[in-house]
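Enquirer: I am attaching a structure below and will ask some questions about it afterwards.
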Amino acid sequence: MAKAPARQKDVVDLLVEQHKEIKELFTRVANARGMQKRALFDNLVRLLAVHETAEEEVVHPMARREIANGDRVVNARLREEGRAKRDLAELYDLGVDHVDFDKKLAALSESVIEHADREEKEEFPQLRRRISADQLRKMAGAVRTAQAAAPTRPHPMIGESAMANLLAGPPLAMIDRIQDAVRGWRESGRRR
Ligand SMILES: [Fe+2]
Ligand SMILES: [Fe+2]
């Protein structure tokens with residue numbers, strides 16, 4: 001018997017998968033040392049930039065319009081994301097070898113994980129109920145566009161991390177670039 005084709009992932013599937021990856025990466029960065037720690041932290045910065053930007057540009061605006069208490073829920077999430085961005089930029093400037101890095105990383109990890117849990121409880125289930133499956137699948141394009149603008153990739157060689165870091169630039173510059181790409185994606189959808 002032919003196997004049924006796998007259901008195409010929607011935006012909530014991709015974001016929940018990324019929440020798991022983010023949690024795992026925080027643990028891996030915390031347990032790593034030296035160049036490996038730097039490379040893993042690089043990947044964490046990229047993944048957080050991709051994830052939170054796709055949410056801010058496409059998912060939260062939809063939630064604000066569609067879910068119960070949309071303004072209250074979304075404003076709280078945006079405040080948390082703003083703080084996380086600021087803390088991430090601070091960690092980046094500090095560098096993985098700084099004596100305060102691990103303590104600040106642990107604090108950021110805790111707040112980002114709480115933030116993700118709130119999205120999964122207060123926001124995503126309501127989006128699934130109120131938005132059509134077709135629309136949610138289309139919105140996955142925002143996450144894919146953000147990923148393409150700042151690919152997270154493994155660092156097979158130690159030397160690559162310095163290069164990748166150089167190309168990516170600091171978190172806020174990376175977020176700007178991803179924002180432009182996701183806004184471009186959104187605009188091209190409107191024109192179709
Ligand atoms: Fe978020
Ligand atoms: Fe999230």
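Enquirer: Within the group Val50, Val99, Val73, Val58, which residue is aliphatic (A, V, I, L, M) and more than 30 Å from Ile131 (Cβ to Cβ)?
Expert: That would be Val99, the only listed residue that is aliphatic (A, V, I, L, M) and more than 30 Å from Ile131 (Cβ to Cβ).
Enquirer: Within the range 92-140, restricting attention to residues that are aromatic (Phe, Trp, Tyr) and more than 14 Å from ligand 1 (Cβ to nearest atom), which residue is modelled with the lowest pLDDT? Before you say what the answer is, go through the steps one by one.
Expert: Of the residues in the range 92-140, the ones aromatic (Phe, Trp, Tyr) are 92, 101, 124.
Filter once more, so that each one left must be more than 14 Å from ligand 1 (Cβ to nearest atom): 92, 101.
Numbers: Tyr92: 94, Phe101: 98.
Among residues in the range 92-140 that are aromatic (Phe, Trp, Tyr) and more than 14 Å from ligand 1 (Cβ to nearest atom), the one modelled with the lowest pLDDT is Tyr92.
Enquirer: Within the range 57-76, can you find the residues that are farther than 20 Å from Val11 by Cβ and not in a helix (DSSP H, G or I)?
Expert: Residue satisfying the conditions is Asn69 alone.
Enquirer: Cβ-Cβ under 7 Å, sequence separation 6+ or interchain: first residue in the range 5-18 and surrounded by 14 or more Cβ atoms within 10 Å (Cβ to Cβ), partner basic (Lys, Arg). Which pairs?
Expert: Close Cβ pairs satisfying both conditions: Asp10/Arg137; Val12/Arg128.
Enquirer: So, in the range 21-36, how many residues would count as being part of a helix (DSSP H, G or I) and either at pLDDT 95 or above or within 16 Å of ligand 1 (Cβ to nearest atom) (or both)? Give the steps one after another, and end with the answer.
Expert: The initial filter retains those residues of the range 21-36 that are part of a helix (DSSP H, G or I), namely 21-31, 34-36.
This time we only want the ones that are either at pLDDT 95 or above or within 16 Å of ligand 1 (Cβ to nearest atom) (or both), so: 21-31.
Total satisfying the criteria: 11.
Enquirer: Check the range 40-56 and report whether any residue there is free of Cβ contacts under 8 Å to residues at least 12 places away in the same chain and assigned to a helix (DSSP H, G or I).
Expert: No, that holds for no residue.
Enquirer: Being within 16 Å of ligand 2 (Cβ to nearest atom) and in contact with a Leu (Cβ under 6 Å, 6 or more places away or on another chain): is that true of Asp87 here? Break it down stepwise before answering.
Expert: Details: within 16 Å of ligand 2 (Cβ to nearest atom): yes; in contact with a Leu (Cβ under 6 Å, 6 or more places away or on another chain): yes.
Yes: the conditions hold for Asp87.
Enquirer: Now for a different question. How many residues are under 19 Å from Arg83 (Cβ atoms) and either over 13 Å from the mean Cα position of the chain (by Cα) or away from ligand 1 (no atom under 16 Å from the Cβ) (or both) if we restrict to the range 37-52?
Expert: Selection size over the range 37-52: 1.
The values are calculated or read from the model by the stated rules, or taken from the named source; none is laboratory data. These numbers were taken from a predicted model, which means no experiment stands behind them. Don't worry about glycine lacking a Cβ; one is built from the backbone with ideal geometry, like all the others, and counts go over all protein chains shown.
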